[in-house]
Each structure stands twice: as C-alpha cells, then as structure tokens.
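Contents: one structure, followed by commentary.
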Amino acid sequence: MTTEHSGDVRLSGISKTYGSFTAVHPLDLTVPQGSFFALLGASGCGKTTTLRMIAGLEEPSGGTVHLGEQEVTHLPPYKRPVNTVFQSYALFPHLDIFENVAFGLRRRGIKSVKKQVEEMLELVQLGEQARKKPHQLSGGQQQRVAVARALINTPKVLLLDEPLGALDLKLRRQMQLELKRIQTEVGITFIHVTHDQEEAMTMADTVAVMNAGRVEQLGSPTDLYENPDTTFVANFLGTSNLIEAEVDTKNGDDIVLKAGGGKLVLPEARCSAPTTTGGKVLVGVRPEKISLTHADEAGEIAEGRNRITGRIADSSFIGVSTQYVIDSPVCPEFEVYAQNIDRDARLVPGAEVVLHWNPAHTFGLDAAQD
Ligand code: ATP
C-alpha cells in the first residue's frame, strides 16, 4: 500500500471525449512523488492524451487533476509546476546550448543564470558543448539539452512524451539509462509515455499499462511481467504461453487444474480468474521458465513440476539460448527459450518432448474476460 504524499500527482475520474469517441475513460491514478512512472500502451490507447491533461495542454471532459494539494484541472500549462519534453526536442536552432537551457530563467527575468545553467549542463553531461548550436549535436545530446531546459525551472513533475522515439536503438538504450540516472539524481517525479515495453520496464518504478482508453494494470515491471492480470498485459509485455484449463480442485494454497489429459498446479494467489470448480482459466507461463526434456528421459523429471507433452516443431539457435516452438495438444505453438547448457542433441524438430516448470512460475487469467 502506498502512502499519500503532498507531492503526488492525482487523477480522479479524469476523462477525454472527442465528439462521440472516448479517448480516455474515467481514470483514477496516483503517481507517487519522486517516482519514475510510465504510461505504456500501443498507439491510440490514450496515453498521450492522459499526459497532456496533466500538462494542461488538453482540457479534460470530466474529473480532476491534483498536483500535491493543488487542484490544477483548469490551470493553463504555464501556471502548473510541470514541464514537458517532447519527442521533437523543440530546441531553438539559432541559440547555442547554453542559451537554450538558460531560456526559461531569462524569461522569468532572472539575470545571473550562469551557475544554474552550468550545473544543469553538468547534470546532463554536456558541459563541454555549451557554445555549440543544436544542429552540431547528436540526437541523444539534443534530447539531453531538452531535458536540461525543462528541468532548469525546477518543476515538481517532468512529463516525457515518447522522448526517445526519434533515436536509433543503441542510442535509445543509452538514453534510457541516462534519463533514469538524471531522475534519481534530481529526485522529482518523471511521467514517461512510451509504446515500448522494454523501455518502460527498464526505466520505470511503476508502469500503467493502457489499452483502449483505460488502465489495464498498474504495477512494478516485475509484477506486471510475472503476474499479469489480463491476456492483454500478458501478451503486451513479452511472450506468454497460454493453456486452456479447467479448475478441478484446491490443494492448500494451490489450485489443481485439468488441461488436456493431465493436471497443472497454479498458486491461487497468482490467479486473477474465479477459482470455483469447473471454472475456465488460461494458465500462463513465460518461455524462459520452461525446461525441455526428451520424452525418453521423462522419468528423470523431479516430482511436483507442471508438465505437458508435445513435439518440437521448430528450433533456432540464438547464441545464449535456443528457442523452440513446440506443438502440444493443449497449446499450439508453445514457445520455449531453453538456456544453451547441456544441450541434448536429440532435441530437434520432430522429437517428442516433455515441457516442465516450477508451478510457482505459473499465472492464471480469466478465460472469459475478452
Ligand atoms: P500515440 O502513441 O499514437 O500518440 P496514444 O496512445 O498516445 O497514441 P492518444 O494520442 O492519446 O493515443 O490518442 C487516443 C485516441 O484519441 C486516438 O484514437 C486518437 O486518434 C484520438 N484523438 C487524439 N486527439 C484527438 C483529437 N484532437 N480529435 C479527435 N480524436 C483525437
């Protein structure tokens, strides 16, 4: 449970409609002060609209926005203690880097800006570039100037709208770590919009996964990955194997399910579906949690593991691991990423195999939800 802080960002019933189209359904969300928070979702899910309502760039159709104690729902952007960094950087091309960063201070009539600007340039590691023009910097460096320019006015909240979208993959990865470092150093709340699940997982303390104008699930990256509540979240964050099963009985903290001809065990705490006998559950397991054993050696698999049988349809060696696709009566195109240790030469397409895993790595979803 989170305690409320005076600097939390609080959205209460916030919504946005365009004519008869609802871009954001009434949404309640608290972003804890000082956290790195990501709004994650596919194109069109409403994440940018949500961010823009926090910034004051979009008028909500309903609900309220609080920044700490202050209600800011109808305040113009410049009166809110927030600043936004956009994908396009929006730097002034004719001003050098120093003056781009100094801009916000000068506009407020502050005369002696040197110390503050230099500190900010140090923070984003651009001290050496102060007298260059934006076009003389790389995309990643320009984006860091945009961050410095937004932070110099000491906002309580920094909003980042796909800030790394224009960068190539390698630079993107570097900038993810860089932004995380900057956030930790300055300690203010960052709200980051992205469609890239890996980016959200790398950077954020808390991620809100959005789908069709609603928050589908909120949690830490580990929570969302290991314990998704819906098939949408399970499939949006990484790969999931989903097996159709039926609740048979309970055994202590576990549920025992029937799948195909066999049984699977699932910790009840990891199941978001109703667990009454006969209920339909989608049993999920991540590819890297699964071990693969040739059917001839199935007798050597430890007791108590979940297991299903299948046949290797395809395998590809990808360096650190081998990726297998398995055809199984309970789950077509089951994906398995097996670590490439003690590789069994018989694990080739056509081989009969047993897939097995620790029941603790199993999650359960409501088969009737979609
Ligand atoms: P993207 O990553 O593509 O920007 P998003 O998740 O940020 O997507 P939003 O930009 O928030 O999505 O848009 C949500 C929905 O609202 C989309 O279907 C979009 O077409 C619609 N929308 C956004 N702005 C307007 C507008 N001014 N008028 C009508 N519809 C709009």
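Rule-based calculations on the coordinates, nothing more; no lab input. What you see is a predicted model, and the numbers here were worked out from it, not measured in a lab. All Cβ positions, glycine included, derive from the backbone under ideal geometry; neighbour counts span all protein chains shown.
Applying the Karplus relation 6.51 cos²θ - 1.76 cosθ + 1.60 with θ = phi - 60° to segment 111-118 yields 3J(HN,Hα) values of 8, 8, 9, 4, 4, 5, 5, 4 Hz, where x marks Gly and Pro. Measure nothing but the geometry: give the 0 to 90° angle between the long axis through the Cα atoms of 139-151 and the longest principal axis through the Cα atoms of the chain, rounded to 10°. For helix 139-151, the angle is close to 60 degrees.
Summarising the label geometry, the points placed 7 Å from Cα in the beta-carbon direction at Leu57 and Asp327 lie 5.0 nm from one another.
Rounded to the nearest 0.05, what FRET efficiency is calculated for Ala313 and Thr154 with R0 set to 56 Å and r the Cβ-Cβ distance? Present the calculation step by step, with values, prior to reporting the outcome.
Working: r = 57 Å, r/R0 = 1.02.
Computed FRET efficiency for Ala313 and Thr154: 0.45.
With R₀ fixed at 22 Å, the C-beta to C-beta distance from Lys258 to Arg305 puts the FRET efficiency at about 0.85.
Counting beta carbons within 10 Å around each of Ser328, Ser138 and listing the fewest first gives the order Ser138, Ser328. Distance between the pseudo-spin-label points of His361 and Thr239 (7 Å out from Cα toward the beta carbon): 1.4 nm.
Given contacts defined as C-alpha pairs under 8 Å and at least six residues apart, what's the relative contact order of the chain, whole-number percent?
Numbers: 773 pairs, mean separation 55.4, N = 370.
Relative contact order here is 15 percent.
Going 7 Å from the Cα of Ser220 along its beta-carbon direction, which residues of segment 241-272 have the amide nitrogen within less than 17 Å of the resulting point? Under cut-off, by backbone N: 270.
What GluC sites (Glu not before Pro) does segment 46-87 have in DSSP loop regions with at most 11 other beta carbons within 10 Å?
Details: sites: Glu58, Glu69, Glu71; in loops: Glu58, Glu69.
Sparse-neighbourhood loop GluC sites (Glu not before Pro): Glu69.
Checking the cross-link pairs Lys79/Lys132; Lys16/Lys111; Lys79/Lys111; Lys79/Lys180; Lys79/Lys114; Lys47/Lys79 against a 29 Å limit on the alpha carbon distance flags Lys79/Lys132; Lys16/Lys111 as lying beyond it. Each of His25, His94 has some number of other Cβ atoms within 10 Å of its Cβ, and from fewest to most they run His94, His25.
In a DSSP loop and with at most 12 other Cβ atoms within 10 Å, there are no chymotrypsin sites (Phe, Trp or Tyr not before Pro) in segment 1-97.
Multiplying the residue separation of Glu268 and Ala42 by 0.36 nm and subtracting their alpha-carbon distance yields 78.3 nm. Counting beta carbons within 10 Å around each of Thr22, Thr249, Thr194 and listing the fewest first gives the order Thr249, Thr22, Thr194. Extension gain for Val320 to Tyr18 (0.36 nm times residue separation, less C-alpha to C-alpha distance): 103.9 nm.
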